[in-house]
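Written out below as structure tokens is the structure these notes cover.
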Amino acid sequence: MASYREYYRRSVEQPEAFWAEKAALIDWHRPFDQVLDSSRKPFSAWFRGGLTNLCHNAVDRHLAQRAQQPALVWESTEVERSRSYTYAELHREVQRMAAILQRHGVGQGDRVLLYMPMIPEAVFGMLACARIGAIHSVVFGGFAAVSLATRIDDAAPKLILSSDAGSRAGRVVPYKPLLDEAIGRASHKPRAVLMVDRGLHPFDPVAGRDLDYAAECAAVGQPQVPCTWVDATHPSYILYTSGTTGRPKGVQRDTGGYAVALSTSMQDIYCCRPGATYFCGSDIGWVVGHSYIVYGPLIHGMTTVLYEGTPVRPDAGILWRLAERHRAQVMFTSPTAIRVLKKFDPALMRSCDLSSLERLFLAGEPLDEPTAEWISSTLGKPVVDNYWQTETGWPILSIAGGVEALPPKPGSPGVAMPGYKVSILDEASGQPLPAGKKGVLAIDWPLPPGCMQTVWGDDQRFVDTYWSNFPSRQVYSTFDWGVADEQGYVTILGRTDDVINVAGHRLGTREIEESISSHAAVAEVAVVGAADALKGQQAMAFVVPRDASRVADAAGREALSGEIMQTVQTQLGAVARPARVLFVGMLPKTRSGKLLRRSIQALCEQRPTGDLTTLEDPAALEQIRAALAEQP
Ligand code: PRX
């Protein structure tokens, strides 16, 4: 086995040679002319001139050897159904979906927005877009009309693929009314809406716009739709994520670099075997679902499990039973899911035959040591943390067990993964900090293959947001605090910006603030993330009401807090709903009017507030303290 340090050094010192070798992991219709085009720093274009196709790599190329192997297994504890598709069947389904898209005018470069529950048709939709060179944008089903409308306007999809309803913990969640409202709000109007009718919630199709998936399938029959060969740099998808402003960013991903990076990660990090089963419990609306439910496992010739359900229904043994049933080699979930399971009897896990399982991967939020210890001792298998972002598409930090099984370090996701030149920089000067010093986790140019190409439709925003944070150096900022040790293990210490992480879901506090501000009774609001034992963080809203008399007594406060929570739920979705809404007479600000979010957050977490010399009126912090002391 090679030494990881040497392997890594080569990946960052000779990136072109390293990635040119990795490019052989995927199929190319025509070889690339250039490994890395560096003519437009800080942009980087990988494998320019090469023609390939994500769907070909995920499906078609496996037909020769794996036609009868299950490719996609769908398990729903929500509707108590399961379905399995071999590679040959997946190939047929994807071609059907592709033919339907083409029939309605979708071609190369057109956007298709997916607002879908966790059902196989969502995967067919993603792969069908990739097949014909269309660009998909999946919007998480937990988002509501206003979030969806912003994304419709930004991506300007020609077609939207949706469904009558999802289901959450046994409760039907209708999608169609939210979708109709979002389209009504958006200025951009899609030409067509393709509806997969699950029969969960009746809806009225909009004449001339809505199409029925079953009828469309019947109309196209069993078509053959060849893959459209696209340049490696052709965008495969847009995935929106939250940042410092209220406006979500469309993370744009390429085609060739993504396929090469995912293939590399499947070997180096996830240590997977083609033909084995990968069970990732994320959602296709998040980046983990894109990379490790859909593209990564399929490109690697594995069987992937698509799970519609929660980790605790019908009981807290369900994830392990699914792993047992499908002989999963690898599982991937979030630390929150494990913290939830920790409350239940481990006998539910121990009664399952998990002999096929080799590793459990956890990502999306910090993995606390007690949870890590509990799960690795209970499961008796290696538990591997991995740190990354929507922007990077695959891990920045982890342990590359496929290269060399470096020992894990408790509290740290691991060391830099191939191609990532990670450093810890001083927030003000941008100078690299020595081991043991907390700073901003940054990555030197070039970002490796698979990372975001740009912000969709806004190159300048990509440069301004990610590459312009330090006066002295043009480096990519992750917006995470980190500290490295002498061996290069990095510990993540939270975000530097206004992004919070609730149960592994990334949310922008500004978006939540904008939504709360739309309530007529609200004069001002600050939303912060406060530490939560179960979900990692929870959103806390501090509201200055227009009319203080409305919150003079407990009943008034409860009523208004309920209305505000409902506003957020209706506009953004249940995931963004704050856990608490507290009322104050004013918010702590600097003399120049900047909200002191970090001080508010410190108070919520009962930590010292830090330097308050710029605070305009100390009474504002007292009010926050008092509101916190008063809550039930
Ligand atoms: O703050 C870091 C946290 O989640 C952010 C990225 O979230 P998202 O774009 O949704 O991508 C998730 C991909 C797994 C990061 O900036 N984060 C993610 N993984 C970890 C983490 N924090 C600590 N440890 C991790 N393993």
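Computed values, structure above
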| quantity | calculated |
| --- | --- |
| Criterion (under 20 Å from Tyr8 (Cα atoms) and within 12 Å of the ligand (Cβ to nearest atom)) met by exactly one of Val440, Val490, Val502 | Val490 |
| Candidate set: the stretch 520-543, residues that are in a loop (DSSP other than H, G, I, E, B) and open to solvent by 30 Å² or more (accessible area, probe 1.4 Å); chosen: the one farthest from the ligand (Cβ to nearest atom) | Ala520 |
| Filter pass, Trp394 being of a type in the set (Phe, Trp, Tyr) and open to solvent by 20 Å² or more (accessible area, probe 1.4 Å) | no |
| Pick from the stretch 375-392, criterion more than 9 Å from the ligand (Cβ to nearest atom) and in a loop (DSSP other than H, G, I, E, B), ranking: farthest from Ile443 (Cα to Cα) | Gly380 |
| Elements of type strands (runs of 3 or more DSSP E) contained in the stretch 208-275, each with 2 or more residues being in contact (Cβ under 8 Å) with a residue 40 or more places away in the chain | 237-241, 249-253 |
| Test: residue in the stretch 466-486 that is closer than 16 Å to Pro248 by Cα, away from the ligand (no atom under 16 Å from the Cβ), free of Cβ contacts under 8 Å to residues at least 40 places away in the same chain and surrounded by fewer than 18 Cβ atoms within 10 Å (Cβ to Cβ) | no |
| Criterion: part of a strand (DSSP E or B) and of a type outside the set (A, V, I, L, M) - qualifying residue of Ser162, Ser187 | Ser162 |
| Among the candidates Val403, Val340, residue that is within 27 Å of Val499 (Cβ to Cβ) and away from the ligand (no atom under 16 Å from the Cβ) | Val340 |
| Count of the stretch 407-421 residues which are open to solvent by less than 20 Å² (accessible area, probe 1.4 Å), in a loop (DSSP other than H, G, I, E, B) and within 16 Å of the ligand (Cβ to nearest atom) | 4 |
| Only one of Pro226, Pro205 that is surrounded by fewer than 20 Cβ atoms within 10 Å (Cβ to Cβ), within 24 Å of Val79 (Cα to Cα) and either in contact with a Pro (Cβ under 8 Å, 6 or more places away or on another chain) or not charged (D, E, K, R) (or both) | Pro205 |
| Elements of type helices (runs of 4 or more DSSP H) in the stretch 53-117, at least 3 residues being open to solvent by less than 30 Å² (accessible area, probe 1.4 Å), under 30 Å from Gly170 (Cβ atoms) and among the acidic types (Asp, Glu) | none |
| Pair list, Cβ < 6 Å and 6+ apart or interchain, from the stretch 346-365 residues that are touching a residue at least 12 places away in the same chain (Cβ under 8 Å) and open to solvent by less than 50 Å² (accessible area, probe 1.4 Å) to residues that are within 15 Å of the ligand (Cβ to nearest atom) and part of a loop (DSSP other than H, G, I, E, B) | Gly364/Ser334; Gly364/Gly504; Glu365/Gly504 |
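Matching residues to (1) of a type in the set (D, E, K, R); (2) modelled with pLDDT of 95 or more; (3) not in a helix (DSSP H, G or I):
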site	(1), (2), (3)
Gly301	no, yes, yes
Val305	no, yes, yes
Pro314	no, yes, yes
Leu319	no, yes, no
Glu324	yes, yes, no
Gln329	no, yes, yes
Phe332	no, yes, yes
Arg339	yes, yes, no
Asp345	yes, no, yes
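The values are calculated or read from the model by the stated rules, or taken from the named source; none is laboratory data. Just so we're clear, the structure is a prediction, and the values are computed from it rather than from any experiment. Quick reminder, even Gly has a Cβ in these numbers, built from the backbone with ideal geometry, and neighbours come from all protein chains shown. With ligands, DNA and RNA removed, areas are computed over all heavy atoms of the protein, side chains included. Shrake-Rupley method; radii C 1.70, N 1.55, O 1.52, S 1.80 Å.
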